[in-house]
1. Once fully extended, how much extra length lies between Thr3 and Leu47, figured as 0.36 nm per residue of separation less the alpha-carbon to alpha-carbon distance?
2. Which shape class applies to the range 87-167: rounded if a/c is under 1.5, otherwise prolate when a/b exceeds b/c and oblate if not, where a ≥ b ≥ c are the square roots of the Cα gyration tensor eigenvalues?
3. What dipole magnitude, in Debye to the nearest 20, does the range 56-141 give about its Cα centre under +1 on Lys/Arg Cβ and -1 on Asp/Glu Cβ?
4. Could you tell me whether the chain comes out rounded, prolate or oblate from its Cα gyration tensor? Rule is a ≥ b ≥ c as square roots of the eigenvalues, rounded for a/c under 1.5, then prolate if a/b exceeds b/c, otherwise oblate.
5. Which FRET efficiency value, to the nearest 0.05, do you get for Thr163 and Lys183 by plugging their Cβ-Cβ distance into 1/(1 + (r/R0)^6) with R0 = 41 Å?
6. Rounded to a whole number, what % of the accessible area of the chain do carbon and sulfur atoms account for, probe 1.4 Å?
7. Using a/c under 1.5 as the rounded threshold, could you call the range 1-99 rounded, prolate or oblate? The axes a ≥ b ≥ c are square roots of the C-alpha gyration tensor eigenvalues, and prolate needs a/b larger than b/c, oblate otherwise.
8. Tell me the label-point distance for the pair Met39, Trp56, using the 7 Å Cα-to-Cβ offset, in nm and rounded to one decimal.
Amino acid sequence: METSFPVIETERLLLRKAVQEDAADMLRYLSDEEVVRHMGLNPFNSLQDVYGELDWYREIFQVGTGIRWAISLKGSGIMIGSCGFLNRKPNHFRAEIGYELSREYWGEGIASEALQAIISYGFDHLNLERIEALIEPSNAPSIKLAERQGFIREGLLRHYEYTCGKFDDLYMYSLLKMDWRSKEIKTSADNTKKDI
């Protein structure tokens, strides 16, 4: 993993390091029950909860098991969500992807834009061969988002996690580097046809 935190720019977004000054923005969306419903978390109640989350972001980056970017709209500076990798296993060339977004920005293609950027980063800079997504079966929007990015459902992990006082079933999705490269080539070819 890199020693300095990488910043990624997309058409509309700036993906950057989350810092203490983002705490109030994070509390705004992480206190929303709808946002955290499928994250295995209870809604956050205080800035102390947020500081714990920021500590986790720092820790996974420092030890090399993951990286979490703050999602902000270019020019705004406001943190509206986060995305990144966790449970990275460099010796197996794989990591799990995770993301959440403030509810007021749902349905605008922001999560899709952020995911495309970090998936490319994972394959190009973290040397990943496989990216996994673990998604609750009831989380239809996240399933749709993963499938649009090319993730393939491999199966159901029954009672895979115990969170918020219950056992959770999770779908295992995966995206391989060769799948992503094929998707990039097809998208590029489709865009060339449109230009002709």
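The values are calculated or read from the model by the stated rules, or taken from the named source; none is laboratory data. Small disclaimer: the values here were computed from a predicted structure and weren't measured. Every residue, glycine among them, receives a Cβ derived from its backbone with ideal geometry; neighbour counts consider all protein chains shown. The protein model used for the area step is the full one, side chains on, heavy atoms only, and it has no ligands, DNA or RNA in it. Shrake-Rupley method; radii C 1.70, N 1.55, O 1.52, S 1.80 Å.
1. 13.1 nm
2. It is oblate, given that a/c is not under 1.5 and a/b is not larger than b/c.
3. The dipole magnitude comes to about 240 debye.
4. rounded
5. Result of the calculation: an efficiency of 0.85.
6. Within the chain, the accessible surface is 50 percent carbon and sulfur.
7. oblate
8. It works out to 0.8 nm between the two label points.
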